[in-house]
């Protein structure tokens, strides 16, 4: 096993553990902290793929801004008052369904022969990345920003009261 | 410029959404003097946007400006243009029906902007040929709709919004998972290239491909509101503001079918996999029709009843998808049957919901029992609702009759006689609960003699829908030709 593989399996294990922590802890603040762990580990995968820029963005935006936003929302909405809100008697059934789903996916993934060529990992220059993002993938990129705009409008509509009319 | 030009119908909607939001700020600055004009003017702006979008699409056809745009992300063909008209028309009727409904709401501008953004997302869903663009378009449509469902902010509407958001997010994730599998198998996000690789594959990726297919059906099945992905429908349809329910039941459902046809016919159209998904769709069609209709029988609330009826109708559309892969020459027949049915369904269901808006806002109840004697209080509204319900049942001379004949005929020709029989039996069951409403309106004694007068805009929307479905019922050939032209894209 090469050292890249060792690092990969370590990072992958941390990602999975972090993700499990998000869904398994009863305390939402702990969930948010586990989310940071999972997102930072994903940044590690990006570094392994020589995509430093993506790794930095991942840490700055997901590990930093997004999780802090989540923590702020928890603080402002006092979500700690109802830690059991997302639990119910269907928990065993959900676990069963999710387990079956997992087994099925793993079986299908193992029994398929994934084609896909293996290529040498090369560092993608910023210029090429910018061209890809703003030329070839301009439509999804712009629509993604529209999604954010719509979400922003929605947040205003839902958060503001009807007073003043 | 070609790219921008072909993207015009979506672009003009988004531009108008921005204009509406900015104009609303202008009104806020202008003070209370101009307040009286604000609501009608914003509605007029939104209507202008949809009209401009329809005209732009028509011009694209007139000048033969079809083709790809933005380096192969978008393909404006007859299929995409068919849905441009369908979505922009639906949005226009929904906006007309909303003007009176929003009389006391503070966020009129945001409401119209969200409707327009959602419509643009639906159009994009029908025209993009790349998985990543499909996903962001799906989210644009979805997020706008989550907010619109919760727009009234009372208990019912908020609950509906939350349910729709949670289930919608899960279904998006499942669809994305399916897309990831497709990408893993083929190494491309372009539907054309995926189709090419899939048709050349010789079995070693088969189990992953089947799994991808199942995930995609589950993810988009939520949008199409078919059994077993229909759990959200009754609660969300009941809790959402009624114009939004109308938009959901027509626009969102049609968008689901559009993207499913685009993906399954382009990327998974190869015979080795298409026979699999055709079987899945045939089974889901039978279950959706039967379960939707039987549950609709016992509903007391008309919005819930129309919700279950829309599940059953979606099951009928699925017959067309099941036909597509049954035999090669049937490809056109099945696709064009779905498209034609979607066109007639848009008029029919919009008409039915508009009548519900008009009647329910007056009598203050969505209960079918309270619709007693509506015919005496408002003969025209009762007549309009009756025509829509007859069309949903599939009785001539309405559009629904021709659509059902078309779909069942397609099923018989593709040797799916059992499915056609299930469909016909279901139509009989459906007739019972549709006609029960009609009977209740005409024979029962009204609770009060006060007449029900729909507003001017609502009346206009109603007239458009009812006239539309009667015209299609009597002269179906223009819509038939349009659906056949759109289906030929996959031929």
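Restrict the check to segment B:100-115 and report whether at least one residue is closer than 30 Å to residue A:136 by Cβ, in contact with a helix residue (DSSP H, G or I) (Cβ under 9 Å, 6 or more places away or on another chain) and buried (at least 24 other Cβ atoms within 10 Å of the Cβ).
If we filter segment B:100-115 for residues that are closer than 30 Å to residue A:136 by Cβ, which is where we start, we get B:113-114.
From the residues that got through so far, the ones that are in contact with a helix residue (DSSP H, G or I) (Cβ under 9 Å, 6 or more places away or on another chain) too are B:113-114.
The next check asks that each one be buried (at least 24 other Cβ atoms within 10 Å of the Cβ); those that pass are B:113-114.
Yes, segment B:100-115 has at least one match.
Is it the case, given these coordinates, that residue B:147 is surrounded by fewer than 18 Cβ atoms within 10 Å (Cβ to Cβ), in a helix (DSSP H, G or I) and under 21 Å from the mean Cα position of the chain (by Cα)?
Working: surrounded by fewer than 18 Cβ atoms within 10 Å (Cβ to Cβ): no; in a helix (DSSP H, G or I): yes; under 21 Å from the mean Cα position of the chain (by Cα): yes.
Criteria not met by residue B:147.
Right, residue A:95: modelled with pLDDT of 85 or more and either more than 10 Å from every other protein chain (Cβ to nearest Cβ) or surrounded by 11 or more Cβ atoms within 10 Å (Cβ to Cβ) (or both) or not?
Working: modelled with pLDDT of 85 or more: yes; either more than 10 Å from every other protein chain (Cβ to nearest Cβ) or surrounded by 11 or more Cβ atoms within 10 Å (Cβ to Cβ) (or both): yes.
Considered against the rule, which asks whether it is modelled with pLDDT of 85 or more and either more than 10 Å from every other protein chain (Cβ to nearest Cβ) or surrounded by 11 or more Cβ atoms within 10 Å (Cβ to Cβ) (or both), residue A:95 comes out as yes.
For every residue, the table says whether it meets (1) surrounded by fewer than 24 Cβ atoms within 10 Å (Cβ to Cβ); (2) under 15 Å from the mean Cα position of the chain (by Cα); (3) within 30 Å of residue B:36 (Cα to Cα).
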{"position": "B:49", "(1), (2), (3)": "no, no, yes"}
{"position": "B:54", "(1), (2), (3)": "yes, no, yes"}
{"position": "B:61", "(1), (2), (3)": "yes, no, no"}
{"position": "B:69", "(1), (2), (3)": "yes, no, no"}
{"position": "B:78", "(1), (2), (3)": "yes, no, no"}
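May I ask you to verify whether residue B:385 is free of Cβ contacts under 8 Å to residues at least 60 places away in the same chain, over 20 Å from residue B:318 (Cβ atoms) and assigned to a helix (DSSP H, G or I)? Can you show your working first?
On the way: free of Cβ contacts under 8 Å to residues at least 60 places away in the same chain: yes; over 20 Å from residue B:318 (Cβ atoms): yes; assigned to a helix (DSSP H, G or I): yes.
It is true that residue B:385 is free of Cβ contacts under 8 Å to residues at least 60 places away in the same chain, over 20 Å from residue B:318 (Cβ atoms) and assigned to a helix (DSSP H, G or I).
Identify the single condition in (1) crowded, with 19+ Cβ neighbours inside 10 Å; (2) over 21 Å from the mean Cα position of the chain (by Cα) that residue B:305 does not satisfy, given that it satisfies every other one.
The single condition residue B:305 does not satisfy is (2).
For residue B:64, state whether it is on the phi > 0 side of the Ramachandran plot and away from chain A (no Cβ under 12 Å). Before the answer, list the steps.
Details: on the phi > 0 side of the Ramachandran plot: yes; away from chain A (no Cβ under 12 Å): yes.
In short, yes.
Only one of these conditions is not met by residue B:414: (1) touching a helix residue (DSSP H, G or I) at 6+ places or on another chain (Cβ under 6 Å); (2) more than 21 Å from residue B:310 (Cβ to Cβ); (3) modelled with pLDDT of 90 or more. Which number is it?
Against the list (1) touching a helix residue (DSSP H, G or I) at 6+ places or on another chain (Cβ under 6 Å); (2) more than 21 Å from residue B:310 (Cβ to Cβ); (3) modelled with pLDDT of 90 or more, residue B:414 comes up short only on (3).
I'm trying to understand the selection: among the residues of segment A:119-138, which are within 9 Å of chain B (Cβ to nearest Cβ) and within 22 Å of the chain's Cα centre (by Cα)?
Residues of segment A:119-138 within 9 Å of chain B (Cβ to nearest Cβ): A:135-138.
Of everything in segment A:119-138, just one residue is within 9 Å of chain B (Cβ to nearest Cβ) and within 22 Å of the chain's Cα centre (by Cα), namely A:137.
Search segment B:1-17 for residues being part of a helix (DSSP H, G or I) and loosely packed, with under 15 Cβ neighbours inside 10 Å, and hand back the single one that is farthest from the other protein chains (Cβ to nearest Cβ). Don't jump to the end; show me each part of the working.
Step one: filter segment B:1-17 for residues part of a helix (DSSP H, G or I), giving B:2-6, B:8-17.
Checking the rest, the ones that are also loosely packed, with under 15 Cβ neighbours inside 10 Å come to B:2, B:4.
Working: B:2: 14, B:4: 11 Å.
Among them, the one singled out is B:2.
(1) more than 12 Å from chain A (Cβ to nearest Cβ); (2) closer than 19 Å to residue B:49 by Cα: which one isn't true of residue B:101, the others all being true?
Against the list (1) more than 12 Å from chain A (Cβ to nearest Cβ); (2) closer than 19 Å to residue B:49 by Cα, residue B:101 comes up short only on (2).
Can you tell me how many residues in segment B:146-158 are facing another protein chain (nearest Cβ under 10 Å) and either at positive phi or touching a helix residue (DSSP H, G or I) at 6+ places or on another chain (Cβ under 7 Å) (or both)?
Result for segment B:146-158: 6.
Quick one: residue B:405 ticks every box in (1) under 21 Å from residue B:311 (Cβ atoms); (2) modelled with pLDDT of 90 or more bar one, so which box is it?
For residue B:405, the failing item is (1).
From (1) without any contact (Cβ under 8 Å) to a residue 40 or more places away in the chain; (2) more than 30 Å from residue B:461 (Cβ to Cβ), pick out the condition that doesn't hold for residue B:209.
(1)
Quick one: in segment A:139-165, which of the residues that are surrounded by 11 or more Cβ atoms within 10 Å (Cβ to Cβ) and in a loop (DSSP other than H, G, I, E, B) is farthest from the other protein chains (Cβ to nearest Cβ)?
Filtering first and then ranking leaves A:160.
Each row is one residue, and each column tells you yes or no for (1) more than 9 Å from every other protein chain (Cβ to nearest Cβ); (2) under 22 Å from the mean Cα position of the chain (by Cα); (3) part of a helix (DSSP H, G or I); (4) at negative phi.
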residue: B:95; (1), (2), (3), (4): yes, yes, yes, yes
residue: B:121; (1), (2), (3), (4): no, yes, yes, yes
residue: B:133; (1), (2), (3), (4): no, yes, yes, yes
residue: B:160; (1), (2), (3), (4): yes, yes, yes, yes
residue: B:166; (1), (2), (3), (4): yes, yes, yes, yes
residue: B:184; (1), (2), (3), (4): no, no, yes, yes
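The values are calculated or read from the model by the stated rules, or taken from the named source; none is laboratory data. None of the values given here were measured: they were computed from a predicted structure. Cβ: placed from backbone, ideal geometry, glycine included. Neighbour counts: every protein chain shown.
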